[in-house]
Amino acid sequence: MPDTASPSPVAVAPVLITLQLNGEPTSVAVPPHWTLLELLRYGLGLTGTKQGCDKGDCGTCTVRIDGEPQLACLTLALEVRDRHVETVEGLGVGGEPHPLQEAFARVGAAQCGFCTPGMLMSASAYVDNLTLQDDPVVRREDIAAALAGNLCRCTGYTKILQAVEEVAQVVLDRQREIEESTAEEP
Amino acid sequence: MTLSSKTENSSQGRPYTVVGARHGKPDALDAMAGLAKYTDDIALPRMLFARILRSPHAHARIVSIDTSAAEAMEGVHAVVVGEEMPTRYGVIPWTPDEQALATDKVRYVGDAVAAVAAISEDVAIAACKRIVVQYEVLEALTSPEAALANPQNKIHEANKHGNITKQVQLAFGDVDAQLAVADLVIEGHYQYHGSTHAALEPHCCVAHVDGRGLLTVWSATQVPHYLHRELAKVLEVPTHKIRVIQPQVGGAFGGKSEPFDLEFVAAKLAMKTGRPVKCLYTREEVFLAHRGRHPFDMHYTTGFTKDGKILAVDAKSVLDGGAYSSFGLVTTYYSGQLLGSPYTFASYRFDSTRVYTNKPACGPKRGHGSVQPRFAIEVQLDKAARALKLDPIDLRRRNFIGENTTTINEFHIGSNGFLECLELVEKASDWKARYGKLGRGRGLGVAGSTYISGTNYCIYPTDLPQSGVQICLDRSGRVRIFAGTSDIGQGSSTMLAVVAAEELGVHLDDVRVIAADSDLCPVDLGSYSSRVTLMAGNACLSAARDLASKVRQAVAKKWGCEKRDVILADRRAQRLDDPDVFIDITDAFILAEVEFGTMGSTGSYQTPREDVHGEYRGGTIGASPAYSFTAHIAEVSVDEETGDVRVENIWCAHDCGRALSPVLVEGQIEGSVYMGFGETVMEHHHVMASGLRTDGARRDTGPGKDGLLAHSSLLDYRMPTTLDTPNLYAGIVEKPDPRGPFGAKEAGEGPLHSVVPAICNAIFDAIGVRIDSLPVAPEKILAGLRAQRSGGQSC
Ligand code: FES
Ligand code: FES
């Protein structure tokens with residue numbers, strides 16, 4: 001029997017929402033059943049965020065919502081109304097690559113590059129949350145745990161962990177410098 | 001860690017400037033910024049979305065298909081069924097047994113039967129549900145035993161011998177006589193399970209017909225040229241009316257190395273509707289498309305002298321092929337043909353049979369056809385070393401085949417760094433101090449292997465080059481390369497840029513590579529069989545040398561010296577004997593253009609006719625211009641309470657001839673080791689079977705399970721995460737081979753092979769239990785320990 005009972009998905013009335021997207025106020029009409037991933041890729045043309053499974057298993061769709069790494073394929077677009085969403089397109093500043101992007105490129109942490117945007121978003125959340133007070137050393141295990149939700153099929157993770165480790169070290173060193181210089185001030 | 005042989009760029013008599021430097025990929029920041037365009041990132045105006053309706057049955061005859069309700073739906077633009085493109089195709093031209101959409105029968109759960117193009121994916125999905133297919137369900141044959149026991153129930157009616165797709169029997173030397181005189185004979189029964197590529201980018205295709213009737217197909221493929229040919233055949237459109245473009249590909253590993261239903265479907269629907277059409281696989285469809293590692297059932301008998309020399313290898317294998325031939329003809333040959341080195345066999349015989357079953361088709365996964373036999377032989381060697389009380393590394397050294405030699409099956413081996421590979425991993429793992437001494441529960445295991453750098457022959461018979469490259473120089477000191485090569489993440493475009501930059505004296509950033517567009521680039525056969533560095537690299541080298549020679553000649557004329565006195569390096573043309581005399585490379589290119597006109601050249605690669613193959617039927621399959629060599633040592637710990645195996649460290653050393661880009665070579669080694677580790681201890685492409693037992697009785701696993709995938713998600717198909725992956729050590733050994741560009745051989749597939757037996761041999765070192773049936777699993781460890789306690793296993 002053909003399935004003629006289900007309603008036709010042709011005309012689903014979109015809903016207008018506003019959000020902060022990579023630091024810009026953005027208004028967009030979105031079908032209410034769309035995921036954030038559909039909104040980004042199809043609605044806004046931000047195709048840097050990837051779809052590897054659409055089921056929450058691979059991490060290629062990782063974006064940051066209010067700073068937290070989240071899976072765009074498991075987030076309804078309507079949920080990000082009035083919230084801050086960051087994607088890989090917003091990672092670099094003023095035409096300069098983010099230190100993670102630079103390190104990934106330099107050490108060869110991307111082969112096919114398909115996992116890379118999601119990896120970078122998880123890694124940037126990890127790096128942004130590093131503080132000397134909480135933990136003054138960089139540990140591979142912590143980085144591995146922070147990236148455990150992001151699959152990569154190409155690299156064996158070795159160079160990815162290396163890139164994040166290098167950047168994390170720089171971040172902590174800089175914090176240490178600042179701490180020392182403020183301590184010296186009378 | 002690197003063992004290397006430093007030499008200089010022999011064409012210009014100066015040290016290398018780009019080759020061997022620790023560079024990344026010139027275009028890496030595109031991927032970082034989310035700017036790299038993959039197929040699914042393409043959006044064209046008025047684009048429609050296609051979905052494919054798939055069979056719920058493993059084996060059934062199609063009685064009728066009614067598409068009227070789907071066609072009547074608002075938003076649906078076209079429906080296509082198999083009758084509209086019934087031509088059978090196959091990547092191997094001798095075994096065309098696939099159809100874009102099934103017409104007569106479906107042969108696995110997931111076989112494609114119809115497709116819809118609609119204004120959105122949602123509408124296409126809803127429309128697929130309105131297509132009514134009537135099936136007459138047939139007995140599903142979901143194991144090779146069942147398929148062999150029921151030859152009258154043919155999965156392919158046109159097949160000659162029941163359900164056997166290919167059988168290869170080859171013998172070299174007198175195996176029986178050698179076994180009769182052997183001091184030690186080891187017999188083993190090995191089972192290798194199925195696994196799949198699971199590239200993170202799902203297959204995707206966009207097709208569009210322009211105003212002139214040119215069909216453009218963008219596809220996530222690793223073989224744009226073979227896709228081009230098969231599209232022409234199935235769609236009945238001449239090749240010059242088709243343009244195939246491969247955008248950035250998000251991983252492939254052999255899983256995108258033949259045409260798939262979505263490419264025909266998107267193209268046909270674009271032709272029917274006059275609008276662009278995109279088809280993107282769901283993750284479940286990727287698992288169904290498969291073409292992954294064949295499950296093998298192997299019986300090996302190996303004879304040794306008392307000092308560990310291999311006298312005889314007798315191998316019998318049954319390959320579970322799944323529903324279609326795919327590359328299976330080649331797989332069946334590879335299962336025996338690629339075992340002939342790095343060890344000398346005094347005699348060798350193999351008998352391999354590939355069988356159709358009602359499951360997703362198997363094909364070429366990284367290390368095509370040779371990972372499974374490698375597992376068997378390397379465990380056999382480990383058992384022999386134990387029995388003969390020899391160090392397993394020493395036993396391998398004693399059987400080393402050497403360089404510039406010929407295998408027993410008449411393949412020519414050029415450079416061979418296998419001994420150096422063994423030495424590197426032996427030192428790095430501190431083997432001598434630690435092997436057999438780590439205490440119960442912890443162990444080390446070693447294994448070695450070899451792989452091809454491309455095959456001497458194209459998949460279809462032709463005298464045309466296997467690879468062509470075109471290079472242009474421009475007036476701003478830039479180099480543009482046009483090549484049919486398919487960069488799937490392994491870095492083939494970087495490889496071409498390195499080769500050209502080295503010869504033409506520019507920086508990597510000065511080279512633009514335009515690849516895999518059939519309208520712009522000369523043909524390359526594709527990224528398979530680890531062929532690209534050697535073949536496209538040689539084509540590129542020849543084109544670049546041609547241009548470099550002209551540039552040097554023009555500069556020499558101006559300076560009133562000989563061409564050989566001018567070298568190109570580091571964005572300069574300079575005197576070989578006086579580095580203070582130089583001009584900018586841009587000026588050198590301009591001088592050359594004044595002298596010779598527009599600067600362009602072509603290069604091509606064809607296997608030299610003199611070093612082809614063995615003089616017997618099948619002796620061409622597996623013959624390669626150059627062979628890579630690899631050694632692995634794995635360190636494991638085993639929890640005897642739970643049966644859990646933890647792989648702690650894996651050391652790999654790989655002889656790639658010359659590392660043109662060491663960072664990328666390390667990446668290939670690390671990725672290969674990771675993938676081999678994953679399939680050894682975690683992954684299983686498992687299709688549930690009820691079907692028939694060998695005795696013909698039905699197994700009672702309940703209805704509806706026949707041929708269903710046990711996992712259709714990346715959660716259930718357990719591939720290793722950052723937390724599962726052991727420490728990986730990638731060691732490069734460089735034994736330049738005269739047949740490779742600058743001596744380079746392959747690096748993308750060889751380093752996967754011997755990790756599998758190395759892990760299993762390490763488990764034996766840890767607890768004295770043999771895992772001869774993969775994947776490694778706690779219940780097998782526990783069963784082995786139980787058998788051990790009751791006095792079962794010994795070596
Ligand atoms: S696409 Fe969202 S987790 Fe895979
Ligand atoms: S680089 Fe290909 S999946 Fe990570």
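The values are calculated or read from the model by the stated rules, or taken from the named source; none is laboratory data. In this text, all values refer to a predicted model and were calculated from it rather than measured experimentally. All Cβ positions, even for glycine, are placed from backbone atoms using ideal geometry, and neighbour counts span all protein chains on display. Each accessible area value is taken on the protein alone, full model and side chains, heavy atoms only, with ligands, DNA and RNA left out. Shrake-Rupley method; radii C 1.70, N 1.55, O 1.52, S 1.80 Å.
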Search result, residues across the stretch B:648-663 that are within 12 Å of another protein chain (Cβ to nearest Cβ), surrounded by 24 or more Cβ atoms within 10 Å (Cβ to Cβ) and not in a loop (DSSP other than H, G, I, E, B): B:650, B:652
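Can you pull out the strands (runs of 3 or more DSSP E) entirely within the stretch B:64-167 that have at least 1 residues that are open to solvent by 50 Å² or more (accessible area, probe 1.4 Å)?
In the stretch B:64-167, B:76-81, B:132-137 are the strands (runs of 3 or more DSSP E) which contain 1 or more residues that are open to solvent by 50 Å² or more (accessible area, probe 1.4 Å).
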Condition (residue is modelled with pLDDT under 95, closer than 28 Å to residue B:288 by Cα and assigned to a strand (DSSP E or B)) applied to the stretch B:673-691: is it met by at least one residue? yes
Which ones in the stretch A:42-55 are within 23 Å of residue B:712 (Cβ to Cβ) and more than 8 Å from chain B (Cβ to nearest Cβ)? none
Scan B:348, B:333 and give me the residue that is open to solvent by less than 10 Å² (accessible area, probe 1.4 Å), more than 16 Å from ligand 1 (Cβ to nearest atom) and at pLDDT 95 or above. B:348
Hey, any hits in the stretch B:486-504 for a residue that's over 30 Å from residue B:676 (Cβ atoms), touching a Pro at 6+ places or on another chain (Cβ under 8 Å) and not in a strand (DSSP E or B)? no
Scan B:360, B:373, B:364 and give me the residue that is touching a Leu at 6+ places or on another chain (Cβ under 6 Å), of a type outside the set (A, V, I, L, M, F, W, C) and in a loop (DSSP other than H, G, I, E, B). B:360
Within the stretch B:273-300, track down each residue that is more than 16 Å from ligand 1 (Cβ to nearest atom), open to solvent by 30 Å² or more (accessible area, probe 1.4 Å) and either within 14 Å of chain A (Cβ to nearest Cβ) or in a strand (DSSP E or B) (or both). B:297, B:299
Keeping to the stretch B:18-48, report how many residues are more than 10 Å from chain A (Cβ to nearest Cβ) and open to solvent by less than 70 Å² (accessible area, probe 1.4 Å). 8
Scan of the stretch A:16-41 for residues that are touching a residue at least 24 places away in the same chain (Cβ under 8 Å), part of a strand (DSSP E or B) and away from ligand 1 (no atom under 14 Å from the Cβ), ordered by number: A:17, A:18, A:19, A:20, A:21, A:30
Here are the criteria: (1) away from chain A (no Cβ under 14 Å); (2) within 23 Å of residue B:288 (Cβ to Cβ). Tell me which single one residue B:174 does not satisfy. (2)
Looking at (1) crowded, with 19+ Cβ neighbours inside 10 Å; (2) free of Cβ contacts under 8 Å to residues at least 60 places away in the same chain; (3) in the same structural domain as residue B:755 (by TED's automatic domain parsing); (4) not β-branched (Val, Ile, Thr), which one does residue B:617 not meet, given that it meets all the others? (1)
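Residue check: is residue B:197 more than 16 Å from ligand 1 (Cβ to nearest atom) and either crowded, with 17+ Cβ neighbours inside 10 Å or hydrophobic (A, V, I, L, M, F, W, C) (or both)?
Numbers: more than 16 Å from ligand 1 (Cβ to nearest atom): yes; either crowded, with 17+ Cβ neighbours inside 10 Å or hydrophobic (A, V, I, L, M, F, W, C) (or both): yes.
Yes.
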Of the conditions (1) away from ligand 1 (no atom under 16 Å from the Cβ); (2) at pLDDT 95 or above; (3) not assigned by TED's automatic domain parsing to the domain that holds residue A:38, residue A:133 fails just one. Which one is it? (2)
Taking the stretch A:58-99 on its own, how many of its residues are touching a residue at least 60 places away in the same chain (Cβ under 8 Å), within 8 Å of chain B (Cβ to nearest Cβ) and out of contact with any Cys (no Cβ under 9 Å at 6 or more places or on another chain)? 2
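Given the criterion in contact with a Leu (Cβ under 8 Å, 6 or more places away or on another chain) and either within 14 Å of chain A (Cβ to nearest Cβ) or aliphatic (A, V, I, L, M) (or both), identify the matching residue among B:164, B:186, B:125.
Going through B:164, B:186, B:125 in turn, the sole match is B:164.
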Here are B:325, B:335, B:352: which of them is assigned to a loop (DSSP other than H, G, I, E, B) and under 23 Å from residue B:623 (Cβ atoms)? B:325
Determine if the stretch A:56-63 includes at least one residue that is at pLDDT 95 or above and away from ligand 2 (no atom under 14 Å from the Cβ). yes
Strands (runs of 3 or more DSSP E) wholly in the stretch A:42-121 with at least 2 residues that are crowded, with 24+ Cβ neighbours inside 10 Å and within 16 Å of ligand 1 (Cβ to nearest atom) - which ones? A:62-65
Within the stretch A:123-160, how many residues turn out to be within 15 Å of ligand 2 (Cβ to nearest atom) and buried (at least 20 other Cβ atoms within 10 Å of the Cβ)? 13
Which ones in the stretch B:599-613 are at pLDDT 95 or above, more than 12 Å from residue B:739 (Cα to Cα) and crowded, with 17+ Cβ neighbours inside 10 Å? B:599, B:601, B:603, B:604
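Would you check if residue B:493 is at positive phi and either surrounded by 19 or more Cβ atoms within 10 Å (Cβ to Cβ) or within 14 Å of chain A (Cβ to nearest Cβ) (or both)?
Spelling it out, it is not the case that residue B:493 is at positive phi and either surrounded by 19 or more Cβ atoms within 10 Å (Cβ to Cβ) or within 14 Å of chain A (Cβ to nearest Cβ) (or both).
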Filter pass, residue A:12 being at pLDDT below 95, within 14 Å of chain B (Cβ to nearest Cβ) and touching a His at 6+ places or on another chain (Cβ under 9 Å): yes
Would you confirm whether any residue within the stretch B:225-242 is at pLDDT 95 or above, assigned to a loop (DSSP other than H, G, I, E, B), in contact with a Phe, Trp or Tyr (Cβ under 9 Å, 6 or more places away or on another chain) and buried (at least 24 other Cβ atoms within 10 Å of the Cβ)? no
